[in-house]
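Shown next, in structure tokens, is the structure this report addresses.
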Amino acid sequence: MRSYKLIAPAKINLYLEIIGDRSDGYHELVMILQSIDLADEIEIHSLSSETIHVHCNHPQVPTDKSNLVYRAAELMVKRFPEAFTKHGGVDITVHKHIPVAAGLAGGSTNAAAVLVGIDLLWNLGLTQTEIEELGSTLGSDVPFCVAGGTVIATGRGEQLSPLPSLDHIYIVLGKYRSLEVSTAWAYKNYRQEYGSTYLRDTNDLASRAAAVHSGGIVKAIVEKDAVAIAQKLHNDLEKVVLPSYSQVLHLRELFASQPGVIGTMMSGSGPSVFALCTSQEQAEKIQQQVRQTIPDEDLELFVTRTITHGIQVVGNG
């Protein structure tokens, strides 16, 4: 049996601005997405039978068709039936390290790894762009997760433009295991509260450009100025999530109060909160201080950093 082992990094949002409604029911967004070295491991093995099997070491992760990993494999079967018949099915094992339901694209990056892995397993020879296009049918974050790095994402998040990659900005990341925030709930409540501010004519490029405020953080990224990046962090969804989830608000406030934190924000629709730091030593110190303040075992804390890549192949057999 042939096999591949892949590393699937998580992502955080450095910027998330909601511009308005789209005709497809999604929101028109401007986001800056950043890969981090907190990652899952995916093992993909070929099978002699024409079946898909998914395994995971995390009890909260389903292994049936509701799992994005399964759906990614199923998509490849439907798009490339001759390869499926020739090479057989796949056995996929997900080793979770990324917190579940955390706003860190854990499911999306796993799906991206499966697309890359099956492309290799079946000798399809797909380009990165072709894999990203396949991924966009599974979810808005999947295309980004394929290549990773630092990008500005528009549309519903699937239109990607690379930015200069950031590396070695250290991060403390916190997430309560038992806490989940529905992405659909967050966007629905934002629409209800702030829909009157939406840009209505999305075809008017001049007014759309004027409505976007990401220029400051993009400039800071180009200049690789970590302090300036930290000062320009922005997430519209904090306006609805923080008032409704006191634990997320408290964690964000605690991060912000720590010496050495240059910026803090909730990632995506939450409930993960991250703090940017100037060094690994400082990040580890902040992790310890937050742990002492909140000894609750339900709170997971990680020290991680920004990285310049997405899915990586680390082994084959």
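The values are calculated or read from the model by the stated rules, or taken from the named source; none is laboratory data. What you are looking at is a predicted structure, and each value in this text was computed from that prediction instead of being measured. Neighbour counts are summed over all protein chains in view; Cβ atoms, including those assigned to glycine, are modelled from backbone coordinates with ideal geometry. For accessibility, only protein heavy atoms count, side chains too; no ligands or nucleic acids. Shrake-Rupley method; radii C 1.70, N 1.55, O 1.52, S 1.80 Å.
Observations
- Scope region 78-100; condition surrounded by fewer than 19 Cβ atoms within 10 Å (Cβ to Cβ), under 30 Å from T304 (Cβ atoms) and out of contact with any His (no Cβ under 7 Å at 6 or more places or on another chain); matching residues: H95, H97
- Looking only at residues of region 230-243 that are among the aliphatic types (A, V, I, L, M) and touching a residue at least 60 places away in the same chain (Cβ under 8 Å), we find that the one that is surrounded by the fewest Cβ atoms within 10 Å (Cβ to Cβ) is L233.
- Hits in region 183-197 - residues which are open to solvent by 60 Å² or more (accessible area, probe 1.4 Å) and either within 17 Å of the chain's Cα centre (by Cα) or of a type in the set (D, E) (or both): T183, A184, E193
- Taken over region 23-57, residues that are open to solvent by 50 Å² or more (accessible area, probe 1.4 Å), touching a Lys or Arg at 6+ places or on another chain (Cβ under 8 Å) and at pLDDT below 95 amount to 3.
- Residue in region 58-67 that is within 24 Å of F302 (Cα to Cα), assigned to a strand (DSSP E or B) and in contact (Cβ under 8 Å) with a residue 12 or more places away in the chain present: no
- Test result for I311, of a type in the set (A, V, I, L, M, F, W, C), over 20 Å from the mean Cα position of the chain (by Cα) and farther than 20 Å from I217 by Cβ: no
- T293 vs. criteria over 30 Å from Y194 (Cα atoms) and free of Cβ contacts under 8 Å to residues at least 40 places away in the same chain: yes
- Residue list for region 13-38, restricted to those being farther than 14 Å from S269 by Cβ and not in a strand (DSSP E or B): R22, S23, D24, G25
- Region 202-229 residues that are closer than 12 Å to Y15 by Cβ and open to solvent by 50 Å² or more (accessible area, probe 1.4 Å), paired with ones that are at pLDDT 90 or above and outside any helix (DSSP H, G or I) (beta carbon under 7 Å, 6 or more apart): H213/E17
- Which numbered condition Q60 fails, given (1) modelled with pLDDT of 95 or more; (2) more than 30 Å from H213 (Cα to Cα): (1)
- G148 vs. criteria within 22 Å of the chain's Cα centre (by Cα), at pLDDT 90 or above and not β-branched (V, I, T): yes
- Residues of region 175-182 include at least one that is out of contact with any strand residue (DSSP E or B) (no Cβ under 7 Å at 6 or more places or on another chain) and either modelled with pLDDT under 90 or exposed (fewer than 14 other Cβ atoms within 10 Å of the Cβ) (or both).
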